[in-house]
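Structure first, then comments.
The values are calculated or read from the model by the stated rules, or taken from the named source; none is laboratory data. As the structure is a prediction and not an experimental result, all values here were calculated from the model. In this analysis, Cβ positions are derived from the backbone assuming ideal geometry, glycine residues included, and neighbour counts consider all displayed protein chains.
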Amino acid sequence: MFTLNDNYLKLPGSYLFSTIGRKVREYREANPGTEVISLGIGDVTQPLAPAIIKRLHEAVDEMAKPETFKGYAPDLGYEFLRNTIADQDYKARGVEIAPDEIFVSDGAKSDSANIQEIFSQNSRIAVCDPVYPVYVDSNVMAGRTGTYDAATGLWSDVIYMPCREENGFAPELPKETPDIIYLCFPNNPTGATIKKEELQKWVDYANQKGAVIIYDAAYEAYISEDDVPHTIYECEGARTCAIEIRSFSKNAGFTGTRLGFTVVPKDLKDVNGVALHGLWARRHGTKFNGAPYIIQAAGEAVYSPEGKAQTREQIAYYMNNAKVILDGLANAGYQVSGGVNAPYIWLKTPDGMSSWDFFDHLLQQANVVGTPGAGFGPSGEGYFRLTAFGTYENTVKAVERIKKL
Ligand SMILES: *Cc1c(COP(=O)(O)O)cnc(C)c1O
């Protein structure tokens with residue numbers, strides 16, 4: 001008789017977005033005809049840009065001809081894409097990342113969940129709180145997090161770094177020493193960023209402690225301020241302590257087409273001098289068979305002059321929504337942050353309301369859906385996430401409704 005992986009059985013109850021989905025469904029059923037606007041889930045709404053669609057069509061046609069047909073993609077991803085990434089995301093910023101240090105994948109979620117596999121079982125992880133749930137849950141599945149305390153929402157073997165108003169939603173160096181540090185900037189869910197000299201402190205700390213930083217830069221394209229780093233490799237010494245994860249989802253609308261990449265520098269070695277690069281290559285080759293050719297071709301089109309102009313326009317559209325939310329709610333007396341270098345607005349719930357109570361209040365009184373901060377970790381309690389990924393019209397309407405509360 002088979003038994004299941006104990007680690008999976010430790011995962012706490014219902015997933016945040018399914019709980020939200022159920023509550024919204026129940027409300028809709030009880031109130032037919034009500035128009036509910038969602039500023040909740042982190043998915044884009046604008047269609048793929050014309051330059052990307054054009055390249056997709058061409059690549060599909062290439063698949064129809066014997067001379068241009070493509071089977072399995074190379075393990076690390078097509079060279080045309082890795083070269084373009086190395087040039088435009090790194091070299092153009094004065095950063096040396098070689099094309100063979102870039103591993104093309106089907107997205108940042110799977111990479112950020114899978115990367116923990118190459119670290120030893122007893123590695124101690126540190127995460128920001130609130131946190132993108134994938135980092136913790138993937139380590140729970142790997143049996144690395146100890147026991148769960150339902151009352152506090154904390155795992156015994158995880159080092160939590162609270163990000164709250166008092167520290168500008170930026171984590172402080174932990175008191176206990178971690179082996180693996182997860183950082184995500186611009187941040188989901190808070191929308192906060194840190195400046196280059198602050199990130200440098202993390203790089204120095206990781207090098208000093210022999211820790212590795214897993215840097216999730218999925219929102220890099222939303223950075224609007226000059227002193228915010230676009231890649232962790234802008235910091236001196238990052239090649240010996242940092243892995244960077246990127247995605248085409250939020251900058252170019254690939255949430256449904258799937259494309260991302262992970263950078264593992266060859267200088268990154270464990271305490272015994274073993275390079276991670278070779279192990280990640282081995283893992284990639286064993287458990288992954290490549291992102292589709294047509295999607296990688298479309299990914300290259302994101303970097304073409306037209307692709308860049310068109311995706312920049314989409315980002316500007318979302319960031320205008322962010323401004324509508326930020327200004328509208330600030331004028332209505334709400335305490336808001338984020339929304340400047342990220343498509344997320346982090347709102348303090350009024351009158352000390354719990355974040356789930358505020359969720360119900362907003363759904364029932366304004367017919368607007370957001371995400372309760374508590375769903376991202378204990379330090380998210382008392383906060384609420386709104387996203388700028390809706391249409392402009394819906395965003396304006398939602399803000400007007402919230403103002404009237
Ligand atoms: C959306 C998101 C991702 C997931 O990106 P995909 O490439 O679509 O898997 C990764 N990290 C963070 C923080 C995100 O918000």
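Some values worked out for this structure:
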quantity: Selected residue (only one of Ile402, Ile325 is β-branched (Val, Ile, Thr) and either closer than 30 Å to Lys54 by Cβ or within 22 Å of the chain's Cα centre (by Cα) (or both)); calculated: Ile325
quantity: Residue in the stretch 188-208 that is away from the ligand (no atom under 16 Å from the Cβ), crowded, with 17+ Cβ neighbours inside 10 Å and among the small types (Gly, Ala, Ser) present; calculated: yes
quantity: Some residue of the stretch 66-77 being of a type in the set (A, V, I, L, M) and assigned by TED's automatic domain parsing to the domain that holds Gly278; calculated: yes
quantity: Output for the stretch 130-163, where each listed residue is of a type in the set (A, V, I, L, M, F, W, C) and out of contact with any Cys (no Cβ under 7 Å at 6 or more places or on another chain); calculated: Val131, Val134, Val136, Val140, Met141, Ala142, Ala150, Ala151, Leu154, Trp155, Val158, Ile159
quantity: Candidates Ala366, Ala398, Ala374, filtered to the one that is without any contact (Cβ under 8 Å) to a residue 40 or more places away in the chain and under 21 Å from Tyr27 (Cβ atoms); calculated: Ala366
quantity: Ile295 vs. criteria touching a Ser or Thr at 6+ places or on another chain (Cβ under 9 Å), within 12 Å of the ligand (Cβ to nearest atom) and either under 23 Å from Ala49 (Cα atoms) or outside the structural domain of Gly390 (by TED's automatic domain parsing) (or both); calculated: yes
quantity: Selected residue (only one of Lys91, Lys109, Lys70 is among the basic types (Lys, Arg), within 27 Å of Ala388 (Cβ to Cβ) and either under 21 Å from the mean Cα position of the chain (by Cα) or modelled with pLDDT of 95 or more (or both)); calculated: Lys109
quantity: Out of Gly273, Gly237, Gly256, sole residue that is surrounded by fewer than 18 Cβ atoms within 10 Å (Cβ to Cβ) and within 16 Å of the ligand (Cβ to nearest atom); calculated: Gly256
quantity: The stretch 240-253 - residue that is buried (at least 24 other Cβ atoms within 10 Å of the Cβ) and among the small types (Gly, Ala, Ser) and, of those, nearest to the ligand (Cβ to nearest atom); calculated: Ser247
quantity: Every residue from the stretch 222-234 that is crowded, with 20+ Cβ neighbours inside 10 Å and not β-branched (Val, Ile, Thr); calculated: Tyr222, Pro229, Tyr233
